[in-house]
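See structure below.
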Protein chains: 2
Amino acid sequence: MIIDCHGHYTTAPKALEAWRNQQIASLKDPSVAPKVADLKISDDELRESIESNQLKLMKQRGSDLTIFSPRASFMAHHIGDFQTSSTWAAICNELCMRVACLFPEHFIPAAMLPQSPGVDPRTCIPELVKCVEQYGNVGINLNPDPSGGHWNSPPLSDRHWYPIYEKMVEYDIPAMVHVSTSCNPCFHTTGAHYLNADTTAFMQCLTSDLFKDFPTLKFLIPHGGGAVPYHWGRFRGLAQELKKPLLSEHLLKNIFFDTCVYHQPGIDLLTKVIPVENILFASEMIGAVRGIDPETGFYYDDTKRYIEAAAINPEQRHAIYEGNARRVFPRLDAVLKTKGL
Amino acid sequence: MIIDCHGHYTTAPKALEAWRNQQIASLKDPSVAPKVADLKISDDELRESIESNQLKLMKQRGSDLTIFSPRASFMAHHIGDFQTSSTWAAICNELCMRVACLFPEHFIPAAMLPQSPGVDPRTCIPELVKCVEQYGNVGINLNPDPSGGHWNSPPLSDRHWYPIYEKMVEYDIPAMVHVSTSCNPCFHTTGAHYLNADTTAFMQCLTSDLFKDFPTLKFLIPHGGGAVPYHWGRFRGLAQELKKPLLSEHLLKNIFFDTCVYHQPGIDLLTKVIPVENILFASEMIGAVRGIDPETGFYYDDTKRYIEAAAINPEQRHAIYEGNARRVFPRLDAVLKTKGL
């Protein structure tokens, strides 16, 4: 089985975006505030949006199951206040749950949180609990910068975030550390902010002893870990200067990287430098880079091709495709086992 | 000849740091403000600080000439106002010039600018002119985020920066795009902020048409280009989505990467993915990562070993070591030619 641990619902019916735009408009003019019940998306519309997009490409490319979360760039936690994010997250998470119910063989949900800049992350717990207990979510997306590029929340190692971690540990769910749209004109969302956040999150963990407080906490760093594997020597050296243990001890029991790196040399470096047990297959399809690479004739984000061509053995490939995801997402593993998979 | 295009004066005599601390103290209590003349560092002290550090390691490792600029993390443009930065930059640039005068075979200076958050970059021109015309500087370091991690200046593509670019083009000098200390607790200075800035600067150029306005403008992106080469497929794909020309046309006539990547797989990827004519040898020695890699038994930042082992031919190695630096730094080339080199 091939599990793609990083897919977002980027193809939701247009009614979702229209509702969100109305919600945003209501921040200036409360009289136009939409009700949750105003958003009507039928199962047929959901099916159509998936069958003609993600599911079609999954079948073409040969992946089986996607861990599916709301569109990352649309989380936009910086918009409005906690109530804004709370309503929006509930809507988006419900849609992903419905997709997973419609295609239980192919999608399993992960939740966005109703984060809001300057608001205690503890406020996210009820949505998290609902998504795990009622919707069957197997993981969450945690935004280390709900401001959208102003980076004014404390680092991930700060106790500020501990209420989320306590719940993650209780449920044994990992968090993908994933920012959303940048509203800072310095940072292009998918070309700079996403990658910077990945690097930043890793370094926040490296300088801290977070995983001493939470030995079973697990973070999945997307986009191949940002700049981290390419600069693995730098990070090993910095850990050494900071008198931290070897990274294998200090971080790699808790931090994992996905394979959203859109060319063969990048995946070759990732699989060479990072232990295979820390790498989870992912494509972020349909996501930031949707075109066909003229150098190969294939989609940039058809990352399975790179994994197939990487210098790893079949057992290692199986770990990247399935084994590691089942270990990092125990609730996914449990669901698969109930199906005899 | 082996030219290291990225060295900072990280080993300056302690009197420099003491003077700076006094200057910082005077921001709260003007009565303790130090005079420039209070700072006394003799030629012997300069010689000692270089001979026992950078020059010793250059001889051990086999590099000949370092393009030498003030310590990047000490630029700290976020401290004080323009006058603070102006005085500090003048002191630091003078010291690098003196080092170059004491060791003309081995060091040639590049200037820091007296940038200050929210201040028109035009104010940096007099220091730049002095450094080029009187001190023989062959390049500058340009900080895209003088706030130190708050990223509230416009992107490098904004006309805000054009006065600097006009002077760079007039003098035919490149800028290394290099941030300084992060005062944002989210970003570790050398483990996150530096690499993020490299990626951010590249993407700011990618989304813009800056090099249409300045076809001869040259940026050197340090630390191996941050996350860029590792994600080269992503950047090619993003350029394609944005209807930009191929990166070779769009950016690689103007953007260059150094080799400050501290392990063999990183350098292997860099030299495989980025055209060799866009790669300049550098080590940033003595810099962020000073230890010995237990996996190799050699210093992490002894980057010449990685270039020696990379799968490139002697002509390509010569381009990385010398040829490209002479092309990107024409004023360096001119100096070398006057010496018959």
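The values are calculated or read from the model by the stated rules, or taken from the named source; none is laboratory data. Because the structure is a prediction, the values reported are computed rather than measured. When we count neighbours, we look across all protein chains shown, and the Cβ atoms used for this are built from the backbone with ideal geometry, even at glycine. Keep in mind that these areas ignore ligands, DNA and RNA; they rest on the heavy atoms of the full protein, side chains included. Shrake-Rupley method; radii C 1.70, N 1.55, O 1.52, S 1.80 Å.
The listed residues are B:263, B:250, and the only one of them that is over 21 Å from residue B:328 (Cβ atoms) and in contact (Cβ under 8 Å) with a residue 40 or more places away in the chain turns out to be B:263.
Restricting attention to the stretch A:121-176, which residues are surrounded by 19 or more Cβ atoms within 10 Å (Cβ to Cβ), within 14 Å of chain B (Cβ to nearest Cβ) and part of a helix (DSSP H, G or I)? Once the filter is applied, which keeps residues that are surrounded by 19 or more Cβ atoms within 10 Å (Cβ to Cβ), within 14 Å of chain B (Cβ to nearest Cβ) and part of a helix (DSSP H, G or I), the stretch A:121-176 yields only A:161.
Note on the stretch A:109-120: among residues that are free of Cβ contacts under 8 Å to residues at least 40 places away in the same chain and surrounded by fewer than 22 Cβ atoms within 10 Å (Cβ to Cβ), the one that is nearest to the other protein chains (Cβ to nearest Cβ) is A:118. Residue-level check: of (1) within 29 Å of residue A:197 (Cα to Cα); (2) in contact with a strand residue (DSSP E or B) (Cβ under 8 Å, 6 or more places away or on another chain), residue B:146 misses just (2).
Residues that are open to solvent by 10 Å² or more (accessible area, probe 1.4 Å) and in a loop (DSSP other than H, G, I, E, B) were ranked within the stretch A:219-255; the one that is farthest from the other protein chains (Cβ to nearest Cβ) is A:253. Pairs linking a residue in the stretch B:266-290 that is among the polar types (S, T, N, Q) to a residue that is at pLDDT 95 or above and in a helix (DSSP H, G or I), with Cβ atoms under 6 Å and 6 or more positions apart or on different chains, are B:283/B:303.
Whether any residue in the stretch A:68-79 is farther than 25 Å from residue A:258 by Cβ and surrounded by fewer than 24 Cβ atoms within 10 Å (Cβ to Cβ) is what I want to check. Yes, there is a match, as at least one residue in the stretch A:68-79 is farther than 25 Å from residue A:258 by Cβ and surrounded by fewer than 24 Cβ atoms within 10 Å (Cβ to Cβ). If only residues of the stretch B:80-104 that are surrounded by fewer than 19 Cβ atoms within 10 Å (Cβ to Cβ) and of a type in the set (Gly, Ala, Ser) are counted, the one that is nearest to residue B:151 (Cα to Cα) is B:80.
Taken over the stretch B:202-218, the residue count meeting the criterion of being of a type in the set (A, V, I, L, M) and at the interface with another protein chain (Cβ under 9 Å from one of its Cβ atoms) is 2. Among the residues making up the stretch A:256-265, those that are farther than 27 Å from residue B:283 by Cβ, open to solvent by less than 10 Å² (accessible area, probe 1.4 Å) and at the interface with chain B (Cβ under 9 Å from one of its Cβ atoms) are A:260, A:262.
Restricting attention to the stretch B:177-201, the residues that are touching a strand residue (DSSP E or B) at 6+ places or on another chain (Cβ under 9 Å), more than 10 Å from every other protein chain (Cβ to nearest Cβ) and of a type outside the set (Gly, Ala, Ser) add up to 2. If we keep just the residues of the stretch B:322-331 that are assigned to a helix (DSSP H, G or I) and open to solvent by less than 20 Å² (accessible area, probe 1.4 Å), which is nearest to residue B:220 (Cα to Cα)? By that ranking, first place goes to B:328. Residue B:28 satisfies every condition listed in (1) in contact with a Lys or Arg (Cβ under 7 Å, 6 or more places away or on another chain); (2) open to solvent by 10 Å² or more (accessible area, probe 1.4 Å); (3) within 26 Å of residue B:153 (Cα to Cα) except (1). From the list A:311, A:334, the lone residue that is among the small types (Gly, Ala, Ser) and open to solvent by 70 Å² or more (accessible area, probe 1.4 Å) is A:311.
Of everything listed in (1) closer than 26 Å to residue A:217 by Cβ; (2) more than 9 Å from every other protein chain (Cβ to nearest Cβ); (3) open to solvent by less than 10 Å² (accessible area, probe 1.4 Å), the single unmet condition for residue A:277 is (3). Residue B:85 meets the conditions (1) touching a residue at least 24 places away in the same chain (Cβ under 8 Å); (2) within 19 Å of residue B:184 (Cβ to Cβ); (3) part of a loop (DSSP other than H, G, I, E, B) in every case but one. The failed one is (3).
Given the condition touching a Cys at 6+ places or on another chain (Cβ under 9 Å), part of a loop (DSSP other than H, G, I, E, B) and polar (S, T, N, Q), answer yes or no: does some residue in the stretch B:100-115 qualify? First the steps, then the outcome.
Restricting attention to the stretch B:100-115, the residues satisfying the condition of being touching a Cys at 6+ places or on another chain (Cβ under 9 Å) are B:107, B:109-115.
Cutting the leftovers down to part of a loop (DSSP other than H, G, I, E, B) gives us B:110, B:113-115.
Filter again for polar (S, T, N, Q), leaving B:115.
Scanning the stretch B:100-115 turns up at least one residue that is touching a Cys at 6+ places or on another chain (Cβ under 9 Å), part of a loop (DSSP other than H, G, I, E, B) and polar (S, T, N, Q).
Condition first: more than 18 Å from residue A:322 (Cβ to Cβ) and part of a loop (DSSP other than H, G, I, E, B). Can you find one or more residues in the stretch A:262-281 that meet it?
Yes, that holds for at least one residue.
Per this entry, residue B:268 is not counted among residues that are open to solvent by less than 20 Å² (accessible area, probe 1.4 Å), more than 21 Å from the chain's Cα centre (by Cα), farther than 16 Å from residue B:222 by Cα and not hydrophobic (A, V, I, L, M, F, W, C). Among the residues examined, residue B:63 qualifies as within 30 Å of residue B:324 (Cα to Cα), open to solvent by less than 30 Å² (accessible area, probe 1.4 Å) and among the hydroxyl-bearing types (Ser, Thr, Tyr).
Annotation for the stretch A:237-251: at least one member residue is within 30 Å of residue B:288 (Cα to Cα) and polar (S, T, N, Q). For the stretch B:185-197, residues that are without any contact (Cβ under 8 Å) to a residue 40 or more places away in the chain and open to solvent by 20 Å² or more (accessible area, probe 1.4 Å) total 2. Scanning the stretch B:198-218 for residues that are modelled with pLDDT of 95 or more, crowded, with 24+ Cβ neighbours inside 10 Å, assigned to a helix (DSSP H, G or I) and among the acidic types (Asp, Glu) turns up at least one hit.
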